[in-house]
Structure formats: C-alpha cells, structure tokens
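Participant: Here it is: the structure, laid out below.
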Amino acid sequence: MFSWILLAALIGALLWLIGAYNGLISLKNQTLNAFKQIDVQLKRRHDLIPNLVNAVKGAMEFERSTLEAVIQARNQAVKVNATGPEGIKQISQAENALSSALQRLMVVVEQYPQLKATGNIGQLQEELTSTENKVAFARQLYNDTATQYNTKQQQFPTSMVAGLAKAQPADLWELEDQAEKAVPQVDLSMKPKV
Amino acid sequence: MSDDTSLNLFQQQEANRRRTVLLVIGFVAFFAWLGFGGDYIYYLSTRDAPSTAYHHVFPWFGIALTVIALLTAWYAYATGPEKVLWSTGARAVVDPTDPQEQQLVNVVEEMAIAAGVPRPRIWIVDDPDPNAFATGTDPLHAHIAVTRGLLQLCNREELQAVVGHELGHVKNLDVRLMTLLAALVGAVALMHDGATRILRGGFYAGGGGGGGSRGGGKKGGAGPLLAILLVVWILSWILAPIITQILPARCSRSCSWCGSSRGSSRRSSRRSSRWR
C-alpha cells in the first residue's frame, strides 16, 4: 500500500518536473523570438535611413550636422554585432542614440513643407514612422515576454528546475540614455545654431 | 455578462470559446427539437390509426434536421469569414497602391506586433461611411476590414486606435463567436423562408389529419399532450428567426466594449498623453 502511494507521488513529481521544464523552455524560446522581432525591425530601420538621408540631402545642405549625426548613429548601430538577448544593453544604447538623432532630423524636416510635398519624402516618412512604432511595440512585446520568463524562473517551485533548463534572467530593453528620459526640448526660435 | 470588462484576456477567450460551443450546441439542439418534436407529434397522431395506415415510427425528420444543423454549423464555421467579407463587398489589400492603403497596412502590422498576434489579412470596403470590422475564427485566420471613408477621415493615430480595437476582437476570440453567430443567423433566416413555404402547404394538408387525430385522442388520451406539443412546436418554428435575431444583439451588447479596452491598453501605455 505504502509503496503504491510512493510510486504515485514519484510519478506525480516527474510529471510536474516535465511540465515545469517544458514551460521554461517554451518561455525561453518565446523570449528569443520576441528579441528576433526587434532585430527584424531594427534591420529595416537601418535600411531605410540611407534612403531618407539621400532624399533630403539636396534640400538641406545647411543642416549638415543633423544629417551627419543620423548617419553616424546609424553606422554605429549597424556595427553592433549582437545576435541574442545577451547583447541587449549594447544594442539598446546604439539604437537609442539613433532614435534621438532621427527625431531631431524629423523635427527639421517638418520645417521644410516644400520638401514633404515633393518627391517621396512623405512616403519615406510614413515608412519610418511605421518602423519606429514597430520597434517600440516589438520592444514592449519583448519586455513583456522576458518579464514572464524571468518571473517564472524565479518563482517557487519552478525556480528549482531553472538550473536544469539552463534558464538565465533575460535583460529587459531599457532607456539607458538620460537625454531620452528627459522631456525633449524643442527649439522653434529658428536662430542659427552656434 | 455585463462585467466582461473586468475579465482578463484569457478569461475573455475562455468565455468566448464557451459561448461559441454553447451557441453550436443550442443551434443543433433547437433543430433537433424541431425535427424530433415533429416526429413525436406525427407519431402520436398516427399511433391510433388502423394497422393498414401509415405509422410514423422512425424519426426521419429529427435525424435529417440534426444532420442539417450539424452541417450548417460546420459550414458556417468553415466559410463564415469569407461570407461576411463577401457580403460587405470588401476587397483584399495585397499590394497597397496608394499612400492611404500603405498606411493602413503599416498600421495593421504595427498593431499586430503590439497585440502579439500574426498579421491578419487586410480588406478595404469602398464605402464613404467610416467603419471597421474584424472577422475570422482565430488569430491565425483573422481578417480586418476598414472602409474607404474611415481611411479618409482618420489620421494615423486614430487609425491605430481603430485597428487596435479590431485586433482586440481578434485576440479575445470575439470574432469567432460573432462570425459564427452571423453565419448561423443568416442560415436560419434562409432555411426559415424555405421551410415556411413548404410547411404552409403541409399545414393545410395536415389540418384535416389533425382534426381526425383529435377525434381519436378522445379515446386514447394523447389529445392534450399532442395539442400542447403541436402549439409549442409551431411556436418554435415561428419564433426561430426572432430568437436568432435577438441572440446577436445580446451578445454584441455584452462585448462591445471589451475589445476596445483590450486593444487600446497597449497603445495608451505608449502615448497616453495623446489619449487623455
């Protein structure tokens, strides 16, 4: 009688172990997938930027510094060669810098209505806006999934299986840049920059 | 039913799955009643007939109607989304041809990422009234349609809110329930039209037979039961389209808000200042 109960308990424990292990693995892969989603969107963003810069370059000769900042930030971001969530700190730093450079450029573009009216700037702007949104939403999705994964591997009793499943806490995508956190200062005085 | 807004996504999905199953069961059960009820009435009315006359023993009507109901439910589930889209005259956006369509495609892609569902198929209805709807059976087989009027009226942010709302309906499986409901209501209306036309002839012919059975009932004692059954059964036939009309109204009222709260929860977290 006693041995039967023991056997049942063992089988129960084994089933739970399998379930918990598979649950963690599934979340791990979901996190990885969510990260790849960001990666896809970032790649697209990097491909779009040269087009945009080329399209506005002619009309914005005297905004050279803004354009160059964007190109530089873009090249920096492309250089970051991280393929997994481990490199998320590095990636987010470069991408956040690119975001703020791009935002400055978009503010400048808004000051040239004739630029938007001619050529495909409007279209490029739409694509860029969309890509920015996709990056942001993909980031949210990644953070949500990673948080779920992290919570699961820290919570008892799943935490006991975490080592077996080689579960490591995934880094979240944060805003590292202090300037990004601050409210942007928009200068509309049109004074020449010093 | 009224406190749907307080449920989380998984509870909403669960509720919608349950309601869909209940809808199909109710639909089939109702048809079974129409069929087997008719069989039973026919059985009672021919029971006392002389042995040479026809005795209705095997429930043909019931089996036939139940099979028809099952097939209809299956057909509605399989082709409901197509039918809904077809009835609105929507056309699929495969290659966006103008900036408005491109923006719609972009916005749907964005909101699909935000909602964490695959990108649904996108449709445009050439209608000047601003409107949008979603259909499909699950997030993997979902469709989202907006009117041309909506594209012209809304700016990018507003379009995002609308698309987010519709994706909310996709995600919490409202679309499954609603599409099936719409398809079944349409099927019942069609069948009712056909059936009343046939039955009207049948009732006139059966009127004489009914009188005869009532005479026989005085001896047998099945009279009151037969009469009540007959009244309820006929009422069921008459009420069928009315009931199916009321059903969707109730369902949609109970859930008209939950989709919007679901879809906009992510949006508002990003740019809440714009939506205050």
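Participant: Can you tell me which residue is nearest to the chain's Cα centre (by Cα) among those in the stretch A:24-35 that are within 12 Å of another protein chain (Cβ to nearest Cβ) and surrounded by fewer than 23 Cβ atoms within 10 Å (Cβ to Cβ)? First the steps, then the outcome.
Facilitator: Our first condition is that a residue be within 12 Å of another protein chain (Cβ to nearest Cβ); within the stretch A:24-35, this holds for A:30, A:33-34.
Those still in the list that are surrounded by fewer than 23 Cβ atoms within 10 Å (Cβ to Cβ) too: A:30, A:33.
On the way: A:GLN30: 15, A:ASN33: 12 Å.
Only one residue fits best here, namely A:ASN33.
Participant: Continuing with this model, one more query. Scan the stretch B:87-122 for residues that are surrounded by 20 or more Cβ atoms within 10 Å (Cβ to Cβ) and touching a residue at least 12 places away in the same chain (Cβ under 8 Å) and jot them down.
Facilitator: B:ALA90, B:GLN103, B:LEU104, B:VAL107, B:VAL108, B:GLU110, B:MET111, B:ALA112, B:ALA114, B:ALA115, B:PRO120, B:ILE122
Participant: Any residue at all in the stretch B:101-119 that's of a type in the set (D, E, K, R) and away from every other protein chain (no Cβ under 13 Å)? So that I can check it myself, show each step before the final result.
Facilitator: Step one: list which residues in the stretch B:101-119 are of a type in the set (D, E, K, R), which gives B:101, B:109-110, B:119.
From the residues that got through so far, the ones that are away from every other protein chain (no Cβ under 13 Å) too are none.
No, because not a single residue in the stretch B:101-119 is of a type in the set (D, E, K, R) and away from every other protein chain (no Cβ under 13 Å).
Participant: Wholly within the stretch A:80-174, which helices (runs of 4 or more DSSP H) include no fewer than the required count, namely at least 2 residues that are farther than 18 Å from A:ARG44 by Cα and either among the basic types (Lys, Arg) or within 14 Å of chain B (Cβ to nearest Cβ) (or both)?
Facilitator: Details: elements: A:88-110, A:113-117, A:121-154, A:159-162.
Qualifying helices (runs of 4 or more DSSP H): A:88-110, A:113-117, A:121-154.
Participant: Next up: What do you reckon, is B:ILE63 loosely packed, with under 14 Cβ neighbours inside 10 Å and among the β-branched types (Val, Ile, Thr)? Spell out how you get there, then give the answer.
Facilitator: Numbers: loosely packed, with under 14 Cβ neighbours inside 10 Å: no; among the β-branched types (Val, Ile, Thr): yes.
Considered against the rule, which asks whether it is loosely packed, with under 14 Cβ neighbours inside 10 Å and among the β-branched types (Val, Ile, Thr), B:ILE63 comes out as no.
Participant: For the stretch B:120-137, how many residues meet the condition of being closer than 23 Å to B:ARG17 by Cα and either among the polar types (S, T, N, Q) or within 14 Å of another protein chain (Cβ to nearest Cβ) (or both)?
Facilitator: 2
Participant: Before we move on, is A:ASN75 at pLDDT 80 or above and buried (at least 17 other Cβ atoms within 10 Å of the Cβ)? Give the derivation first.
Facilitator: Details: at pLDDT 80 or above: yes; buried (at least 17 other Cβ atoms within 10 Å of the Cβ): no.
In short, no.
The values are calculated or read from the model by the stated rules, or taken from the named source; none is laboratory data. From a predicted model like this one, the values you see are computed outputs, not experimental measurements. Note: ideal-geometry Cβ built from the backbone for every residue, glycine included; neighbour counts use all protein chains shown.
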